[in-house]
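The values are calculated or read from the model by the stated rules, or taken from the named source; none is laboratory data. Just so you know, these numbers come straight off a predicted model, no measurement behind them. With ideal geometry, Cβ positions are generated from the backbone for all residues, glycine too; neighbour counts draw on all protein chains shown. Please note that ligands, DNA and RNA were not included when accessible areas were found on the heavy atoms of the full protein model with its side chains. Shrake-Rupley method; radii C 1.70, N 1.55, O 1.52, S 1.80 Å.
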Amino acid sequence: MSRLEATFTRLRARGERALVAYLMAGDPSLAETRPLVVEAERRGADVIELGVPFSDPLADGPVIQRAGTRALAAGTSLARVLEMVSTLRAQVHVPLVVMTYYNPVLAFGLKSFARTAADAGADGVIVPDLPWEECEPLRAETEPAGLDMIQFVAPTSTPTRVKTIARLSRGFIYVVSLTGVTGARRELPKDLDAQIRTLRLVTTKPVCVGFGVSTPEQVAAVGQIADGVAVGSAIVRTIEEHTGTAALVDRVGDFIAALKQPLRVSSSAGFARAIEGGGTEERAARRATTVGRGAKPPSEED
Amino acid sequence: MRLPDARGHFGRFGGRFVPETLMAPLIELEKAYLAARRDRTFQARFASLLADYAGRPTPLYFAARLTEHCGGARIWLKREDLCHTGAHKINNVLGQALLAARMKKPRLIAETGAGQHGVATATAAALLGLECEVYMGTEDIERQALNVFRMRLLGAKVIPVESGSRTLKDAVNEALRDWVTNVRTTYYLLGSALGPHPYPMMVRDFHTVIGKEARAQARRAIGRLPDVVVACVGGGSNAIGLFHPFIADRRVGIVGVEPGGSGIASGKHGASMTAGAVGVLHGSMSYLLQSDDGQVAVAHSISAGLDYPGVGPEHAYYRDAGRFTFVSITDEEALEGFQALTRLEGIMPALESAHAVAHAMRLAKTLPKRKTIVVGLSGRGDKDVHVVAKALGMEIA
């Protein structure tokens, strides 16, 4: 059983949901990413996605684009991210997933990438611009290397596609909650519930929801229906806001703890409220109490 | 062998490397296009717009004074610069805009570099009563102010792109991000023979009218096929349109001209075939200017329309197959081509097309007088006069 599978099995047995935390590796520098990863695990992240910066991140919104630009300026490359994973592995026990566009992997070499990543102790890989039709060459390398290749399901995926993707995805299935790029949204899409129900009909694999999920309330809502919740831009934005301050690691840790909190306990009212949008004041009040001093909730689309 | 194959591959090139959200829409687009391609009513409407609206067929013109000046092979120009809106771009745009209307998508989005594709798209949107937004890098907005204004006059909204190198590549990224977000109501009218399948196939098909006409016109005017066809290649849409009908004519040499910028050795150029490596950008696999660790490089060219680090996948395929040859022309040489054609023939070419002219001149000098070269004169140069003036150290009041 892969470390990702083991993680979801363990959490399911406890009735707990996973927080999948995304960090852009190398933002602001690889040296600063290391303590952030350690802190993310300590404060409750169950899976950590390490973004590899790319010059043309067409699935990403402005927050992650900016982080990628900073990471590239700091000299980050896929090779250096994998080096970091190998040195982090001794300290970090949660699954580490490398999220990278396809071209850096192609330049690295598919076989060499799969081997190096697996040897470094990475558990999975997510390639947002590699749909199942094109994934075979990489899958042929990652599978024997023991690296889980995680695939996306989108709101536009047809039932036939959903079936194929559910069959091919390893570790978990990543549900894109909305049509759009990464980044915070004020409200979750109304049909998310139905989208996940449809997916559950064809798979028992763990299902994680990402894109547009940014606040503890939204995390709580999604936690009602998914095995895991992926938060990226909101964390990256917190890093952006506190870069250069002594409080960086603490602030990011506080925010991750706030995101994880609703996933530890089971509460039932959250989903309906967040889906409906809720009253603005009520939401603001809840936000203030839940998020605490962790971080300012991001505004819509940056 | 028919290319691309069912999944949009030209050998190892092409394909659909896009986020899952776009896969079903791309498959839907492919189906809609294939149905339109078989539909006589659609084809008749397209043909009539090309004739009565775009002004086709465009002439194949013998450039007598340019030929005399070079003293070698005879140079003929395929006059796409005479198309409505001033460039070949209108062929593809009319085809795709008709398809968008057929698919009942009320909103068009497009990317543009030089502005020619943006102007053509805004034109088609006005013609068919569709909403239109055009993404354009701020660097290009500055270089191509005239076209920006034309788009606005036509009722399109020009959205400045500040990310990355602020040129065509980044405009494509933004257009794709828009499409991923608004895919249900929006038609992405991609302007070159690149991007995910079915775009390279579809854009090629809509432009092959260039090569089909040129082939028939050459037969009539010269009595045989040309010895060489030459066109500039950024993404490669006018080139694939001119080249494709000649692929089976083994005796016809096919030469694509890439932007050499300040020279290949300088590193400041856009010659992805000459100096790139295989990679994936904007949804397809092709040759790409990139760093060793797979970051896409910034292209450089005096011509905004060629300022792109990739190239259409079909060009990559025929290059590897040995059927197409690629050369490069520097900014300086392109400017010489621009001036030569302007002074000798009274035809002011777009700076993109001036690359093809410059290579044809170079080539003509090495060939005997009985040989003929057909040059794809893809666009007219009015939009470039500011850039040319600046490069020549002249001032426009």
Report the one residue of A:Ile126, A:Gly109, A:Leu138 whose Cα lies farthest in the direction of the positive end of the charge dipole of segment A:102-148 (charges on C-beta: Lys and Arg +1, Asp and Glu -1; origin at the Cα centre). A:Gly109
Of segment A:197-228, those with amide N under 14 Å from the point 7 Å along the Cα→Cβ vector of A:Ser2 are A:205-208
What order, most packed first, do the peptides A:57-65, B:361-369 have when packing is the mean number of other Cβ atoms within 10 Å of each residue? A:57-65, B:361-369
Virtual spin-label span in nm between B:Glu28 and B:Arg12, 7 Å along Cα→Cβ: 3.5
Cα centroid separation - segment B:331-366 against segment A:119-139, whole Å: 46
What residues in segment B:20-45 lose 10 Å² or more of accessible surface when the other protein chains are added to their chain alone (1.4 Å probe)? B:Glu20, B:Thr21, B:Met23, B:Ala24, B:Ile27
Calculated FRET efficiency, B:Ile396 and A:Thr198, Cβ-Cβ r, R0 56 Å, to nearest 0.05? 0.35
Hey, with R₀ at 60 Å, roughly what FRET efficiency would A:Thr243 and B:Lys369 work out to, going by the Cβ-Cβ distance, to 0.05? 0.35
Helix B:351-366: angle to the longest alpha-carbon principal axis of chain B, degrees 0 to 90, nearest 10? 30
As I understand it, the value is the acute angle between the Cα axis of helix B:116-128 and the longest principal axis of the Cα atoms of chain B; what does it come to in degrees, rounded to 10? 50
Under a point-charge model restricted to the Cβ atoms of Lys and Arg (+1) and Asp and Glu (-1), what is the dipole moment magnitude of segment B:187-237 relative to its Cα centre, in debye to the nearest 20? 240
Take A:Ala145 and A:Ala13, extend 7 Å from each Cα along the Cα→Cβ direction, and tell me the distance between the two endpoints in nm. 3.0
Ellipticity estimate at 222 nm from DSSP helix runs (n ≥ 4, -39,500 (n - 2.57)) divided over chain A, nearest 500: -15000 deg cm²/dmol
Helix-only estimate, please: 222 nm mean residue ellipticity of chain B, summing -39500 (n - 2.57) across DSSP H runs of length 4 or more and dividing by its residues, to the nearest 500. -14000 deg cm²/dmol
Averaged over A:93-104, number of beta-carbon atoms from partner chains that fall within 10 Å: 3
Where labels lie 7 Å past Cα in the beta-carbon direction, separation of A:Ser29 and A:Lys190 in nm: 5.0
Does anyone have the angle between helix B:199-222 and the longest principal axis of chain B? Alpha-carbon axes, 0 to 90°, nearest 10? 30
Taking a label point 7 Å from the Cα of B:Ile222 along Cα-to-Cβ, the residues of segment B:344-387 whose backbone nitrogen sits under 16 Å from it are B:357, B:359-377
Charge dipole magnitude, Cβ of K and R +1, D and E -1 - chain B, Cα centre, debye nearest 20: 1760
Given the C-alpha centroids of segment B:79-99 and segment B:282-303, what is the distance between them in whole angstrom? 26
What dipole magnitude, in Debye to the nearest 20, does the protein assembly as shown give about its Cα centre under +1 on Lys/Arg Cβ and -1 on Asp/Glu Cβ? 2040
Roughly speaking, what is the centre-to-centre gap between segment A:46-99 and segment B:170-218 when only Cα atoms are used, to the nearest Å? 33
Based on the Cβ-Cβ distance from B:Asp39 to B:Thr274, what FRET efficiency comes out when R0 is 35 Å, to the nearest 0.05? 0.30
Added length on full extension, which subtracts the Cα-Cα distance from 0.36 nm per residue, B:Ala47 to B:Phe62: 2.8 nm
